[in-house]
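Student: Mind looking over this structure? Questions follow.
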């Protein structure tokens, strides 16, 4: 049988059976486009995939299109450039600004971890090497092409894409790819990471009305967020304040940190918590907050009104920022009550590890998680009640209280995903449920079948599926 010249296929190179390493390789008429270029995080078996050669031909990879700047969607890009990729990388303007913070920081962390491992001698590799360097990250940044929401961009004959707001973090987008095939226009949609409805700071996800094929995330596909996470946060802060302890909040520098600061300030203004010193120990989070304020077109009404009144909603009454290592170390000697907000959000690296190492043995410490903790991360281990945690080459006893407030997740929950799907006027031919751990993906796929009557599939890692 003669092979079709307009053959269309997608290969799932990440975010399949897991929430990390998002990469979807689309092949059309011999050209390849990569939707997202994420780094695998969490379990060792997943992280090892970062070091393996990906099953794609760099010479035929025409472009990379990013849904947003989080490292599990963008952090493999410097490695791709190290392998020889020199094509265009498309992202929204907000994502491009955030990537200028995130990618060099990711590379710097890997270089630092390699140096630390070599000094302490705890790596199995001699010498330990970073996956990529800051120079690789800077070369990747040179390939960025900022694109506005709603603007149709051609990336090949008969192939174009458009960004729609996803509401997940600043600059986050769903991608609609259009193809000319069989004398008609066909559409593939990648939801990216969907955000929440009615949450502070960012505007709601935009609706998309048509898709022949759909990739939809399922991070919280089996759960519904609590309605009043602010009250739970207030209780955790008040209990810590009563004990004159320390609340350590591992938080993603982009998105989560800004919402937590916004909420703490709101609780202070409402008199629900006392004004407690809040220390932001993340240079990236500090810079990202400035970027958030620089994009008023992304803001929801409440955030915009505050900005219009020249009232900064992204700071607290007793607000301290720590850029240098010396400023970070100075927090070690500060008595409670105090709040430390520091990256990374899953305690996989960054300055938060040093705070955890020092304060986990203290029963007056509270570690508060406000986002999803992937399997294999230190955050998940703490959530699961582990009494000892290995970090920075040492085993640290856990005597601190560990709490979780789920409602601050930037991911849509089960009902919010269904709400977004309800905007499609016609059922997609096939819906691929991705970016979720198996229980979440399975629950969402089943619900979509039952509620909407759609044909759903859960692709496995590496699977290649022909669409035309």
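Student: Would you confirm whether or not the range 377-385 contains a residue that is assigned to a loop (DSSP other than H, G, I, E, B), within 19 Å of residue 256 (Cβ to Cβ) and outside the structural domain of residue 205 (by TED's automatic domain parsing)?
Tutor: So far as the range 377-385 goes, yes, one or more of its residues are assigned to a loop (DSSP other than H, G, I, E, B), within 19 Å of residue 256 (Cβ to Cβ) and outside the structural domain of residue 205 (by TED's automatic domain parsing).
Student: Continuing with this model, one more query. Just for strands (runs of 3 or more DSSP E) wholly inside the range 396-468: which have at least 3 residues that are in contact with a helix residue (DSSP H, G or I) (Cβ under 8 Å, 6 or more places away or on another chain)?
Tutor: Of the strands (runs of 3 or more DSSP E) lying wholly inside the range 396-468, those with at least 3 residues that are in contact with a helix residue (DSSP H, G or I) (Cβ under 8 Å, 6 or more places away or on another chain) span 401-404, 430-434.
Student: Got a number for residues in the range 254-299 being modelled with pLDDT under 90, under 25 Å from residue 228 (Cβ atoms) and outside any helix (DSSP H, G or I)?
Tutor: 4
Student: Tell me which residues, restricted to the range 257-278, are buried (at least 23 other Cβ atoms within 10 Å of the Cβ) and closer than 20 Å to residue 328 by Cα.
Tutor: 257, 258, 260, 261, 278, listed by residue number.
Student: Tell me, please, whether a residue that is farther than 30 Å from residue 392 by Cα and in contact with a helix residue (DSSP H, G or I) (Cβ under 6 Å, 6 or more places away or on another chain) can be found in the range 121-141.
Tutor: Taking every residue of the range 121-141 in turn, none turns out to be farther than 30 Å from residue 392 by Cα and in contact with a helix residue (DSSP H, G or I) (Cβ under 6 Å, 6 or more places away or on another chain).
Student: Show the residue pairs meeting these rules: Cβ distance below 7 Å; 6+ apart or different chains; first residue within the range 113-127 and more than 15 Å from residue 51 (Cβ to Cβ); second residue exposed (fewer than 15 other Cβ atoms within 10 Å of the Cβ) and modelled with pLDDT of 75 or more.
Tutor: Taking only residues 6 or more apart or on different chains, the pairs are 118/127; 120/393; 122/393.
The values are calculated or read from the model by the stated rules, or taken from the named source; none is laboratory data. The model shown is predicted, which means the values in this text are computed figures rather than measured ones. Every residue, glycine as well, gets a Cβ built from its backbone with ideal geometry; the counts of neighbours run over all protein chains shown.
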